[in-house]
Every structure is written in C-alpha cells, then in structure tokens.
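Q: Below is one structure. I have some questions about it.
Nothing in this text is a laboratory measurement; each read-out follows from the coordinates by a stated rule. As the structure is a prediction and not an experimental result, all values here were calculated from the model. Cβ sites come from the backbone with ideal geometry, for glycine too, and all protein chains shown count toward neighbours.
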Amino acid sequence: MIDQIVWLGNGTFILHGTPDSAGNRPTVYVNPWRIASASQPADVILISSDRFDRCSMADVRKLRGENTQVIASERAAAVLGDCTILRPWQSLSLDHMCIKAIPAYHERKGVDGGIGFLISMQFYDVYYAGDTGLIPELSRFSPDIALLPISGNETLNTEEAAQAAIKLGARWVIPYNWGSGITNASRSDALTLARELDGKAETVLLPPNR
C-alpha cells in the first residue's frame with residue numbers, strides 16, 4: 001500500500017486503489033491544493049478543515065467529475081457547498097473502501113482542526129491526522145499507516161508526531177507539512193522523526209511529487 005500513496009507536498013496526498021478490469025485506478029485525494037490538471041476525475045476527495053491550504057475550491061473543481069464523492073468536515077462543507085459532511089466518528093462506506101472521520105483539535109492552542117480520516121482500503125487502514133495535536137482519541141484505533149504532520153503549526157510537531165505514532169501503533173509513518181515553504185519544518189525534521197521512531201515504526205520519507 002505504501003507504494004500507492006503519493007505525497008504532493010504540504011498536506012496533500014493521493015491514495016491509489018487497485019486497477020479495475022478496464023485498467024482504471026480508483027483515486028482518493030486528501031486536501032488537494034495547487035493541483036495540476038488531472039488526467040481523470042478523482043473518485044473521492046477528502047477535505048479535513050476550512051484552512052486555506054486544506055480547503056481549496058479551485059482544486060476541488062479541477063478534480064471533480066460527475067461521480068466524484070466529496071467528503072468534508074462541517075466547516076469545510078460550508079465553504080465548498082455540495083458535498084457529504086462527516087462529523088467525528090461518523091463513517092461512510094464506498095466501493096471497496098470505508099472512510100471514518102477522526103477528531104482533530106489542539107487542546108493547548110485552542111484550535112479546532114476539523115477532522116482527520118481513517119481510510120480503509122485494500123486491507124489496510126491509513127490514518128490522515130489533519131490539523132491535530134496529541135489528543136487522547138489516538139488510542140482508540142490502530143492504523144497500519146499513519147500520515148502525520150510535523151510542522152507544529154497548530155498541529156503536531158516532530159516530537160509529538162513520534163509520540164502519536166507510538167500511541168497509534170502504526171507500522172509505517174509518513175510525515176508531511178515539511179519542505180513546502182508554508183511551514184518552517186524541513187527534511188531535517190523528518191529525519192529527526194525517523195531517528196526517534198527507529199525500532200518502533202518505519203518512517204517513510206516520500207518525495208513531494210508535483
């Protein structure tokens with residue numbers, strides 16, 4: 001599953017499904033931002049919050065087709081309009097996948113981060129943290145793969161991301177929110193996370209594929 005996850009920089013990911021009999025690969029976009037035109041519409045678009053770099057109407061329009069499912073937090077839905085709202089712990093079953101909304105907030109900074117997502121597909125559970133701090137709800141599920149921010153910009157910093165990964169019990173961890181110029185986090189921070197998780201989880205540093 002790791003090789004079917006593409007990081008587009010900042011907090012944007014694509015998850016690819018298994019090709020169907022016609023060779024079409026289902027695609028799930030998470031928080032698309034500054035996307036080039038796509039060769040085919042997205043099957044699913046997930047929007048975690050109403051932050052400008054998470055909730056981009058222009059990018060949703062680029063990726064949206066007649067059958068695209070747009071799933072968003074309540075605040076993001078107010079910006080986007082026509083979409084399906086998921087509130088914390090609600091879930092939605094789609095073809096060959098299930099999407100569950102996970103709470104996302106930062107107690108210390110008083111930030112409501114919208115939601116994260118637990119994406120179950122191809123026998124793997126992939127957790128996208130969104131804009132969250134180190135919250136107690138992370139002990140309530142155990143994903144195979146955790147996509148975790150490390151910027152500390154109203155969300156997890158590197159040290160907290162390591163603690164979150166251990167609490168989650170994830171086998172693989174993919175850091176994001178680094179190297180984009182939007183935050184101060186760099187590749188050095190991502191490597192620090194890898195060192196902190198050595199022997200506890202495998203940290204995968206994806207190149208930003210833009």
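Q: Calculate for the chain the 222 nm mean residue ellipticity that helices alone would give, adding -39,500 (n - 2.57) per DSSP H run of length 4 or more and normalising by residue count, nearest 500 deg cm²/dmol.
A: Details: 4 runs with 35 residues, N = 210.
For the chain, the value works out to -4500 deg cm²/dmol.
Q: Here's something else I'd like to know. Under the Karplus relation 6.51 cos²θ - 1.76 cosθ + 1.60, θ = phi - 60°, what is the ordered set of whole-Hz ³J(HN,Hα) values for segment 7-12, x standing for Gly and Pro?
A: Once θ is set to phi - 60°, the couplings for segment 7-12 become 9, 9, x, 6, x, 9 Hz.
Q: Given segment 42-87 reduced to its alpha-carbon atoms as identical point scatterers, what log10 I(q)/I(0) does the Debye formula return at q = 0.18 Å⁻¹?
A: The calculated log intensity ratios at q = 0.18 Å⁻¹ are -0.42.
Q: How big is the gap, in Å, between the Cα center of segment 118-184 and the Cα center of segment 25-57?
A: With segment 118-184 and segment 25-57 each reduced to a Cα centre, they are spaced 19 Å.
Q: For the chain, find the longest principal axis of its Cα atoms and tell me its angle to the long axis of helix 187-196, 0 to 90°, nearest 10.
A: 60
Q: If you don't mind, another one. Output ³J(HN,Hα) for segment 97-106: one whole-Hz value per residue in order, computed from phi by the Karplus curve 6.51 cos²θ - 1.76 cosθ + 1.60 with θ = phi - 60°, and x for Gly and Pro.
A: Residue by residue, segment 97-106 yields 7, 9, 10, 10, 7, 10, x, 9, 6, 10 Hz.
Q: If you build the convex hull over the alpha carbons only and average its shadow over all orientations, what do you get for segment 85-210? Give it in nm² to one decimal. Walk me through the numbers before you get to the answer.
A: Values: hull surface 31.9 nm².
Convex hull of Cα atoms, orientation-averaged projection: 8.0 nm².
Q: Out of all DSSP beta bridges with both ends in segment 10-167, state the antiparallel percent to the nearest 5. Each step should come with its number before you reach the end.
A: Working: 23 of 35 bridges.
So the antiparallel bridges in segment 10-167 amount to around 65 percent.
Q: Please list, ordered by chain and number, the residues whose modelled amide H lies under 5 Å from the amide H of Y105; skip anything fewer than 5 residues away on the same chain.
A: Here the answer is G113, G133, since their amide H atoms fall under 5 Å of that of Y105.
Q: On to the next question. From zero outward in steps of 5 Å, how is the percent of C-alpha pairs of segment 17-105 spread across the bins?
A: Histogramming segment 17-105 at 5 Å steps yields 3, 14, 26, 25, 18, 10, 4, 1, 0 percent.
Q: Sort 165-175, 197-207 by packing, meaning the average of other beta carbons within 10 Å per residue, with the highest value first.
A: 165-175, 197-207
Q: Okay, next question. With label points built 7 Å along Cα→Cβ from the Cα atoms of S188 and N24, find their separation and express it in nm.
A: If labels sit at S188 and N24, their model points lie 4.7 nm apart.
Q: How much length, in nm to one decimal, is gained on full extension between R34 and Q163, taken as 0.36 nm per residue of separation minus their Cα-Cα distance? Write down the numbers at each step before the final one.
A: Values: separation 129, 0.36 × 129 = 46.44 nm, distance 3.05 nm.
Result: 43.4 nm gained on full extension.
Q: Would you mind ranking C98, C83 so that the residue whose beta carbon has the fewest other beta carbons within 10 Å leads the list?
A: Values: C98 13, C83 20.
Listing C98, C83 from fewest to most nearby Cβ atoms yields C98, C83.
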